[in-house]
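As structure tokens, the structure follows; a few thoughts come after it.
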Amino acid sequence: MTSRLTSRPVSPPYAGSTTLDATRRARELAALADSGDGIDLLVIGGGVTGAGVALDAASRGLRTVLVESRDLAFGTSRWSSKLVHGGLRYLASGRIGVARESAVERGILMTRTAPHLIRALPQLVPLLPSMGRGQAALVHVGFLAGDALRVSARTPAAVLPRVRRVGPAETVELVPEVRTDGLAGALVAHDGQLIDDARLVLAVARTAAQFGATVLTRVRAEQVTGTSARLTDALTGESITVSARAVVNATGVWAGEVDSSVRLRPSRGTHLVVDAALLGSPRAALTVPVPGSTSRFVFALPQQLGRVVVGLTDEDAPGPVPDEPVPTDAEIAFLLETVNTALRTELTRADVRGAFAGLRPLIDTGGGNTADLSRRHAVLEAPSGVITVVGGKLTTYRRMAQDAVDAAVRARGLAAGPCRTDALPLIGAPRHRDTGPSTGLPASLVARHGGAARAVVDTATVERPLEPIAEGIDVTRAEVEYAVTREGAFDVPDVLDRRTRIGLVPADADRARPAVTEILAAHGR
């Protein structure tokens, strides 16, 4: 269908509800078709930055619509190391401003907006003979500088403990499979770790919906200008044309497809997934310096579902942007070779249960390695009037969103309040209005949903709601149903790959798929 624009404003339906489901989607699409010109801000892209822009704008009182051609967190946002980091790497390379911004945003996430999704993770650098005194001294100075950033960002030591040196026995307690020949102990710093990057995106998007934002997945934006776009429902093929006072392009590595004036140089970061038992179920992230570099490390990061993720690389990724980047053999070999320098028993390719890669949307500034390109974000206005926000990283999504909305408000004279997101708790956070008690619930369920865990169980209609979806996988049947009824999941990949992370290990996905399919079918999916 094609809609002619009228002057009648759209009132946001379901304002105050965090629910994303098929019914809400249909009603909001119908409202847009009925009157497509009451939009203050149209956001294109449903990753963490786009969701952040929608929340920032909606919480300022702007009529906001977010459209995503696939699913929330479909692109780069779900392929991170799941670290909310303080910018130590950027400090080591002299990017003090970027490092400070990272530390500030990490503190906001861990103390106010999403403490339920983030824990303090020890990062352990073993002091092995392969590390010379000079390199160990550099790491120690870097850790101390990172702690100074924590202090300057006003993040309490109770949230992120101070840097310390530990002896060999405690080193082995933290990472049981660390190499012990010549081990002189370890340097330990702390950073933030997300239980799941995709769940952060979902929490931001649902909180935006609670403030009245329209959040539409499987809706393509085409013929985009600074004041309009043609929206096509990928489920039905029907199209409408909408106008907006401002349009923000938050499509990450696909930004150039919306705004041809944007020049990006994507960098691929690859991770491997192995069983945590192979490293003795570590309680700290094993941090191994990359030979010949003073600012790059390979990490072995403990994860949910009994896994450890080994990453990451930083490689040029020229050419067309794929829907799902694929790790190369050379990257896999590099990660294994580097992490094995610090392990008693070497990991082999046979130990790799899964692998994934994400593309960083780095701004093209000319030659040099992608590792040397700035991670600073930029807000750009195209000749067409489209405002693009690009660059940056997951940790700083909130500040990126704030800068993008500020730019739209200035450029289009929008009547908006001040930014509020540095103090807004996301759904599930302790101070969120809908947070409930979690006493007696499985710890894994609470880790993924925080204060919303009780709602996951209380709204369940599925049989055996607290039963695992498959043997050895601690995702419950209630969580799968909640993904459909409250979190906007439409199909099996939405559940396996983005509402849960079961899909990171193909064998796990195969075991869970029958039960997920059954629950989806019970809800007409």
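So here's what we get for this one:
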read-out: For the chain, average projected area of the Cα convex hull in nm²; value: 22.9
read-out: Estimated dipole of the chain in Debye, rounded to 20 [Cβ of Lys and Arg +1, of Asp and Glu -1, Cα centre]; value: 1540
read-out: Relative contact order (%) - the chain, alpha-carbon pairs under 8 angstrom, separation at least six; value: 20
read-out: Sum of -39500 (n - 2.57) over DSSP H runs of 4+, divided by residues of the chain (222 nm, nearest 500); value: -9000 deg cm²/dmol
read-out: Quotient of C-alpha Rg and 2.2 N^0.38 Å, computed over the range 443-522; value: 0.96
read-out: Cα centroid separation, the range 138-162 to the range 487-525 (Å); value: 40
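All of the numbers you see were taken from the coordinates with simple rules; none came from a lab. Remember, it's a predicted structure, so these values are computed and weren't measured experimentally. Don't worry about glycine lacking a Cβ; one is built from the backbone with ideal geometry, like all the others, and counts go over all protein chains shown.
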